[in-house]
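Data block below; observations after.
The values are calculated or read from the model by the stated rules, or taken from the named source; none is laboratory data. Remember, it's a predicted structure, so these values are computed and weren't measured experimentally. Backbone-built Cβ (ideal geometry, glycine too); neighbour counts: all protein chains shown. Surface accessibility is based on the protein's heavy atoms, side chains included, excluding ligands, DNA and RNA. Shrake-Rupley method; radii C 1.70, N 1.55, O 1.52, S 1.80 Å.
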Amino acid sequence: GHSDIFCADMVLWTKSTSAQFSLLLVEEGEYYFRDEAVFYTGPAVQDANVPARLRVCSGSCVVEVEGSESPVRIPLRLVSSVSLSESDSSSTIMTSSVYYKLRDSASGGQHTIIQGTGQHVFTSRFGKSAVYSLIERLINAHSNPAQKEVMISKLIQEHEASTEFDPAWLEDGLLEHVQGEERVIHVAPLIETPCRLVVTETRLYLQPFSNVAAAPVHKYKISAISRILLRSHMHSPRAIEIFFQPHIDTRIVKAQVALGAGDWSATQSIFLAFADEKSRNRAMQWIAQHAKGDNASRLKPVNSKIRAKELCCLLLIT
């Protein structure tokens, strides 16, 4: 295993970060699903079949056009139709009455709203579109206000269930065993990233459910935890903040590609929000039960009946 606290595993990962895209470009509360490399033809560009990246969110599609500093956002609620091209199943045709040019330098950094019905054509670079079905279902959800939240929630659940944790990411291979996992939100200023938290005997693994991050999984040694504090999120006692000993290898920090919310390791702490207080306490117990090395003598045995405040005190390692 690695000796550093934090390491980003680049294996089996298609990096999808770019200078243009940031989670700050999507609306508050939007969920980012995935992206696809495409050729774009539409009113936002002058030429046909311009290389671009199509990013699918719960409320919009964001198009990063190669060579442009202004991504295009198409609100799905304003899309009147979407279909596959009759002559080419790799092409998605989307008709919209409005699109936005984001961070347009010509308008002083403000978003530019472009009105007028137009067709946006996205042709997958690798054959049949991998996102058409998702886009179609999202547009159907937005056309049905009474069921929109339920339909989008189902899509999110399906997406996260299909995003599996790869055992090959475990640092110690067969010698390391998963003790439990929980869905969490990694909270940073202005940005919240849904993740899977996986706890083993020796490490915490944070797996973002999208590929906007620099790596598929982020790893933290349990022995490097200095303390854990109970926190609230959205006025609910269901979060924790984990602090790490201040000796992160600066070479590792500098090597990381920044995430949408910045480099998670640079702050030497991570803020995680859980589904509820019970889920949070369960994860804290897993962590406490497997604290080893220098921390072992400073932790008392933890059992399933311990109260959250008592557990927090046990984890205030000095």
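The figures follow:
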read-out: SER87/ASP166 FRET efficiency (R0 35 Å; Cβ-Cβ; nearest 0.05); value: 0.40
read-out: Candidate residues HIS235, HIS142: accessible-area rank, largest first, probe 1.4 Å; value: HIS235, HIS142
read-out: Where segment 48-154 is the region considered: accessible area per residue in Å², 1.4 Å probe; value: 49 Å²
read-out: Per-residue HN-Hα couplings for segment 189-195 [Karplus 6.51, -1.76, 1.60; θ = phi - 60°; Hz; x = Gly/Pro]; value: x, 6, 9, 10, 10, x, 9
read-out: Segments 85-91, 194-200, 21-27, 273-279 sorted - mean Cβ within 10 Å per residue, highest first; value: 194-200, 21-27, 273-279, 85-91
read-out: Shape call, segment 107-160: gyration tensor on alpha carbons, a/c limit 1.5; value: oblate
read-out: Ratio of Rg to Rh over segment 22-151 (Cα coordinates, Kirkwood Rh, two decimals); value: 0.94
read-out: For segment 99-234, the spread of Cα positions along each principal axis, largest first, Å; value: 58, 38, 35
read-out: Accessible-area composition of segment 85-197, carbon plus sulfur, in percent [1.4 Å probe]; value: 52 percent
read-out: Net charge over other residues, Cβ less than 10 angstrom from the Cβ of VAL187 (K, R count +1; D, E count -1); value: -1
